[in-house]
Amino acid sequence: MLAQDIIEDCEKTLQDPSNARWSLAELLSWLNEGQRTIVKNKPNAYALTVDHSLVSGTYQTMPVDGIQLLDVIRNSDVAGGRVARQASREELDGVDPEWHTATSTQAITQYTYTAYDPLSFYVYPPNDGTGSVVLLYSAIPPEVDDPLDAISIPDFYRGPLVDYVLYRCFQKDAEDASNLQLAQSHFTQFMQGLALLAASEQINPPSMG
């Protein structure tokens, strides 16, 4: 799916194919904003799996484009490839109140994460600074600045993206009561579209084989 696909859908609804009222730059800006808003509401809309280097100690930070940690799958090959199990901080604290100062190693066995601090996580044992893990995380989608740029999130978000851009377009002219109503309508449709996709994922989870 290209940015152009979303923009053309919006231009048809707006009846503004020449971008006389809503410039191409505006539409692209709102399209980028829409992608980020979707990922904020549905973190799995743009998720990356990467080898992520660990620093010394227990406290680790996410990649610079990270929004939210989804999973620490395993140690990377350089650290032996062993799986890492998620644990609550309370569990780790209860077993060993001094786990933050335990002997450091290259490979980790457990990690802990809290939604209150979405850009960091802790590992156990403390890392010696030479380890790395296979990390799954929600990331900021790359921005598009040309209609021929590809959209990073999947094609089935096309409807919500169109609704988000139209919401921002009509919001621009919200001093007119009819445009304000249209803006609110498209934002409602945007949120309902995300809710339906989320519900579908709950009803039809990926097959386990």
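Just so it is clear, none of the values below were taken in a lab; they were calculated from the coordinates. None of these values were measured; they are calculated from a predicted model. Reconstructed Cβ throughout: ideal geometry from the backbone, glycine too, with neighbour counts over all protein chains shown.
Among beta bridges identified by DSSP and lying wholly in the chain, the antiparallel ones come to about 90 percent.
Over the stretch 70-209, what is the relative contact order in percent, taking alpha-carbon pairs closer than 8 angstrom and at least six residues apart? Intermediate results must be reported in sequence, preceding the final value.
Values: 165 pairs, mean separation 26.6, N = 140.
Relative contact order comes out at 19 percent.
Ordering Gln4, Val55, Ser138 by Cα displacement along the dipole of the stretch 1-155 toward the positive end leaves Val55 in first place; charges were set at the Cβ atoms of Lys, Arg (+1) and Asp, Glu (-1). For q = 0.19, 0.23, 0.26, 0.28 Å⁻¹, what log10 I(q)/I(0) does the stretch 33-105 give under the Debye formula with an equal point scatterer on each alpha carbon and no solvent? Relative scattering, expressed as log10 I(q)/I(0), comes to -0.99, -1.21, -1.33, -1.39.
When the dipole is taken about the Cα centre of the chain, and only Lys, Arg (+1) and Asp, Glu (-1) are charged at their Cβ, what size is it in debye, to the nearest 20? Can you show the working numbers first?
Details: 12 positive and 28 negative charges, 86 e Å.
My answer is approximately 420 debye.
Based on Cβ point charges of +1 for Lys and Arg and -1 for Asp and Glu, what charge dipole magnitude is obtained for the stretch 1-68 about its Cα centre, in debye rounded to the nearest 20?
Working: 5 positive and 9 negative charges, 55 e Å.
Charge dipole of the stretch 1-68: 260 debye, to the nearest 20.
Computed FRET efficiency, Cβ-Cβ of Glu26 and Leu48, R0 41 Å: what is it to the nearest 0.05? Result of the calculation: an efficiency of 0.90. So if R0 is 45 Å, what FRET efficiency would Ala174 and Ser120 give, r being the distance between their Cβ atoms, rounded to the nearest 0.05? The pair Ala174/Ser120 has a calculated efficiency of 0.70.
The spacing between the stretch 52-112 and the stretch 12-37, judged by their C-alpha centroids, is 42 Å. Distance between the 7 Å Cα→Cβ label points at Ala199 and Thr103: 5.5 nm. A P(r) calculated from all alpha carbon pairs of the stretch 74-123, with 5 Å bins opening at zero, reads 5, 19, 25, 26, 19, 6, 0 percent.
Couplings 3J(HN,Hα) for the stretch 174-190, derived from phi with the Karplus relation 6.51 cos²θ - 1.76 cosθ + 1.60 (θ = phi - 60°), are 6, 5, 8, 4, 5, 5, 4, 5, 5, 4, 5, 5, 5, 5, 4, 5, 4 Hz, where x marks Gly and Pro.
A Gaussian network model of the chain, with springs between Cα atoms under 10 Å, assigns the largest mean-square fluctuation among Glu26, Glu175, Glu143 to Glu175.
Can you tell me how much longer the chain between Asn41 and Asp65 gets when fully stretched, taken as 0.36 nm per residue apart minus their C-alpha distance, in nm with one decimal?
Details: separation 24, 0.36 × 24 = 8.64 nm, distance 1.63 nm.
Extra length available between Asn41 and Asp65 comes to 7.0 nm.
One decimal place: the segment Glu33-Asp149 gains 40.2 nm when fully extended, by the rule 0.36 nm per residue minus the C-alpha distance.
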